[in-house]
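Undergrad: Below you will find the structure I want to go over with you.
The values are calculated or read from the model by the stated rules, or taken from the named source; none is laboratory data. Being a predicted model, the structure only gives us computed values, none of them experimental. All Cβ positions, even for glycine, are placed from backbone atoms using ideal geometry, and neighbour counts span all protein chains on display. Quick note on the areas: whole protein, heavy atoms, side chains included, nothing else; ligands and nucleic acids left out. Shrake-Rupley method; radii C 1.70, N 1.55, O 1.52, S 1.80 Å.
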Amino acid sequence: DGGNLVAGSPRVYTALIVIPLVIVTVMPIRIMLSSETQARKYLSSSTPVELAEALRSFRPEGGRLFNGIEHASYFALTLGEPWPLFIDPRAWLYPESVWLELSSIARAEENWDAALVMRNVETVVVDHSPLFAALTPALEASLSWEKVYTDPNGSIYLRRRPIRESRHPWPIPSQHLH
């Protein structure tokens, strides 16, 4: 057949199946990704789009971001490399000590702010989940923190006076793989 499409040949049937399949699957994806406004139609209301945009606008010089796991994937995807997250989507790579520290800070246990200072945290994002039920009022009552943004997905707090240097090494998940 020399590579020509001949009526009734397997190539014709394959082309009749593959071409529409590509159009049906690729075109909606291209349309969805054609603009950020279009893409937002496909996100759930719990996706912290505005929260991430606000984080970009309030970004202090240096410092780390204390966050829970709830928005970690979206923040890692949209904020990019310059944002050192407390927890990122690779949660299984973090040692138990990081989880215990996150839990202690989230529950606003004694010395919660000192733990944030030790980790050079300049920005805190709390979602409105029960995990942060104790931390939110502690941040509100603290003279060290100022709420700069809130929406249905969470709130952003900035440290009023920046920390100049990190006093504690940051746990990097890849260090815990060996």
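Undergrad: Keeping to region 89-103, report how many residues are surrounded by 13 or more Cβ atoms within 10 Å (Cβ to Cβ) and in a helix (DSSP H, G or I).
TA: Here is the first cut: in region 89-103, the ones surrounded by 13 or more Cβ atoms within 10 Å (Cβ to Cβ) are 89, 91, 93-94, 98-99, 101-102.
Next, only the ones that are in a helix (DSSP H, G or I) stay: 91, 93, 98-99, 101-102.
Adding up the residues that qualify gives 6.
Residue-by-condition table, conditions (1) free of Cβ contacts under 8 Å to residues at least 12 places away in the same chain; (2) more than 22 Å from E53 (Cα to Cα):
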{"residue": "N67", "(1), (2)": "no, no"}
{"residue": "F75", "(1), (2)": "no, no"}
{"residue": "L79", "(1), (2)": "no, no"}
{"residue": "S97", "(1), (2)": "no, yes"}
{"residue": "A114", "(1), (2)": "yes, yes"}
{"residue": "P137", "(1), (2)": "no, yes"}
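Undergrad: Taking the criterion of being modelled with pLDDT of 70 or more, open to solvent by 30 Å² or more (accessible area, probe 1.4 Å), of a type outside the set (S, T, N, Q) and over 23 Å from S155 (Cβ atoms), would at least one residue in region 65-88 satisfy it?
TA: Checking region 65-88: not a single residue is modelled with pLDDT of 70 or more, open to solvent by 30 Å² or more (accessible area, probe 1.4 Å), of a type outside the set (S, T, N, Q) and over 23 Å from S155 (Cβ atoms).
Undergrad: Keeping to region 104-120, report how many residues are of a type outside the set (A, V, I, L, M), open to solvent by 30 Å² or more (accessible area, probe 1.4 Å) and either in contact with a strand residue (DSSP E or B) (Cβ under 6 Å, 6 or more places away or on another chain) or within 16 Å of R159 (Cα to Cα) (or both).
TA: The qualifying residues number 3.
Undergrad: Among residues belonging to region 104-151 that are in a helix (DSSP H, G or I) and at pLDDT below 90, point out the one that is farthest from S73 (Cα to Cα). Explain how you work it out, then say what you get.
TA: So the first thing to find is which residues in region 104-151 are in a helix (DSSP H, G or I), and the list is 104-106, 112-118, 130-132, 135-141.
Of the ones still in play, those that are also at pLDDT below 90 are 118, 130-132.
On the way: M118: 24, P130: 19, L131: 17, F132: 18 Å.
Selected residue: M118.
Undergrad: Could you count how many residues in region 121-137 are small (G, A, S) and open to solvent by less than 20 Å² (accessible area, probe 1.4 Å)? Walk me through it before giving the result.
TA: Within region 121-137, the subset small (G, A, S) is 129, 133-134.
Those left that are additionally open to solvent by less than 20 Å² (accessible area, probe 1.4 Å): none.
Residues flagged as small (G, A, S) and open to solvent by less than 20 Å² (accessible area, probe 1.4 Å) within region 121-137 amount to 0.
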